[in-house]
1. Provide a single number: the residues in the range 130-140 that are within 7 Å of ligand 1 (Cβ to nearest atom), under 11 Å from K159 (Cα atoms) and free of Cβ contacts under 8 Å to residues at least 60 places away in the same chain.
2. Considering the range 69-102 alone, what residues qualify as being of a type in the set (D, E) and open to solvent by 60 Å² or more (accessible area, probe 1.4 Å)?
3. Of the residues in the range 127-151, how many are closer than 21 Å to A22 by Cα, in contact with a His (Cβ under 7 Å, 6 or more places away or on another chain) and away from ligand 2 (no atom under 12 Å from the Cβ)?
4. Which one is farthest from ligand 2 (Cβ to nearest atom), of the residues in the range 152-162 that are in a loop (DSSP other than H, G, I, E, B) and closer than 13 Å to Y128 by Cβ?
5. Is there a residue in the range 48-68 that is open to solvent by 40 Å² or more (accessible area, probe 1.4 Å), within 18 Å of E18 (Cβ to Cβ) and more than 16 Å from ligand 1 (Cβ to nearest atom)?
6. State all residues of the range 1-50 that are under 22 Å from L193 (Cβ atoms), of a type outside the set (G, A, S) and within 16 Å of ligand 3 (Cβ to nearest atom); if no residue qualifies, say none.
7. Residues in the range 7-36 that are within 24 Å of E62 (Cβ to Cβ) and more than 9 Å from ligand 1 (Cβ to nearest atom): how many?
8. Evaluate the range 147-164: report whether one residue or more is touching an Asp or Glu at 6+ places or on another chain (Cβ under 6 Å), surrounded by 14 or more Cβ atoms within 10 Å (Cβ to Cβ) and without any contact (Cβ under 8 Å) to a residue 40 or more places away in the chain.
Amino acid sequence: MNIILLGPPGAGKGTQAEKLVADRGMVQLSTGDMLRAEKNAGTDLGNRIKAVMDAGELVSDEIVSSLIDENLGRLQASQGVIFDGYPRTAAQAESLDGLLAAHGRKLDYVIELEVDEDALVERIVGRYTCAKCGAGYHDKFKQPKVAGTCDVCGSHDFKRRADDNEETVRTRMAEYRAKTEPIIPIYDARGILCPVDGMADIDLVSAAIAAILDGK
Ligand code: ADP
Ligand code: ADP
Ligand code: ZN
């Protein structure tokens, strides 16, 4: 099974992908994670995209689609994929169709996390992750069971993203509205769009997604 998790910054895509990986053994392909890895490693590509990412603007379609292509090539046919944060433009949506066909895959569902914009700034400003395993947390909405200790790996080391500040979030939301929202009707027309209430508690959102994937 191959699915897209679609929604604005802070909608809960990464949180839900983490759960699907743990529960169903799917593979998460997050272009944001791939781009951050390039940036942090200081590769040529990373240095070229740093300013764009720090400003909250979109990296070029060619770059992200080629990262997705490379990563799809490393998977086994039996591994289901969660596309997280990709596609984000009409051109990327078109590229994805070609890449899926080339890799012998098809898209089963596009899960759209519907959220109030007002809630997103609070979600993003309070977001942090485990520096060792990448598990996601929130100051208010998803605290570790033992304060200061990662639930998944036990690490005490956490980090926050440079672009998770109010000003950049506004730009990222505007980019979403202008460039990503317009691709939603494409998937609706294909009959694979599944809207989910992303304002519900994390576990309820997970249950709604599970019901879709299980065909219930
Ligand atoms: P995205 O990947 O869509 O940008 P995340 O999954 O990183 O979003 O979620 C943003 C922040 O909001 C994280 O700190 C996460 O713990 C928190 N969060 C995710 N889903 C919910 C939810 N349903 N209710 C409250 N907080 C949430
Ligand atoms: P969020 O889900 O919180 O918006 P991501 O981790 O998905 O954040 O993306 C962080 C940044 O990486 C984006 O603001 C953008 O600069 C870049 N990026 C990630 N995915 C894409 C993509 N598919 N196309 C263009 N730029 C992207
Ligand atoms: Zn951890």
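1. Looking only at the range 130-140, we keep the residues that are within 7 Å of ligand 1 (Cβ to nearest atom), and these are 136-138.
Then keep just the ones that are under 11 Å from K159 (Cα atoms); that gives 136-137.
Still in the running and free of Cβ contacts under 8 Å to residues at least 60 places away in the same chain: 137.
Within the range 130-140, residues that are within 7 Å of ligand 1 (Cβ to nearest atom), under 11 Å from K159 (Cα atoms) and free of Cβ contacts under 8 Å to residues at least 60 places away in the same chain number 1.
2. So in the range 69-102, the residues of a type in the set (D, E) come out as 69-70, 84, 94, 97.
The answer is D69, E70, E94.
3. Of the range 127-151, the ones closer than 21 Å to A22 by Cα are 127-138, 141-146, 149-151.
Right, trim to in contact with a His (Cβ under 7 Å, 6 or more places away or on another chain) and you get 127, 149.
With away from ligand 2 (no atom under 12 Å from the Cβ) added as a condition, the list becomes 149.
Qualifying residue count for the region: 1.
4. Pass one, the range 152-162, residues in a loop (DSSP other than H, G, I, E, B): 152-157, 160-162.
When the remaining residues are screened for being closer than 13 Å to Y128 by Cβ, the result is 155-157, 160-162.
Numbers: S155: 21, H156: 24, D157: 20, R160: 12, R161: 8, A162: 10 Å.
The residue in question is H156.
5. For the range 48-68, residues open to solvent by 40 Å² or more (accessible area, probe 1.4 Å), within 18 Å of E18 (Cβ to Cβ) and more than 16 Å from ligand 1 (Cβ to nearest atom): absent.
6. If the condition is that a residue be under 22 Å from L193 (Cβ atoms), of a type outside the set (G, A, S) and within 16 Å of ligand 3 (Cβ to nearest atom), then T15, K19, Q28 are the ones that fit.
7. 8
8. No - not one qualifying residue is present in the range 147-164.
The values are calculated or read from the model by the stated rules, or taken from the named source; none is laboratory data. Bear in mind the structure is a predicted one, so any value in this text is a computation, not a measurement. Positions of Cβ are backbone-derived with ideal geometry, glycine not excepted, and every protein chain shown enters the neighbour counts. Quick note on the areas: whole protein, heavy atoms, side chains included, nothing else; ligands and nucleic acids left out. Shrake-Rupley method; radii C 1.70, N 1.55, O 1.52, S 1.80 Å.
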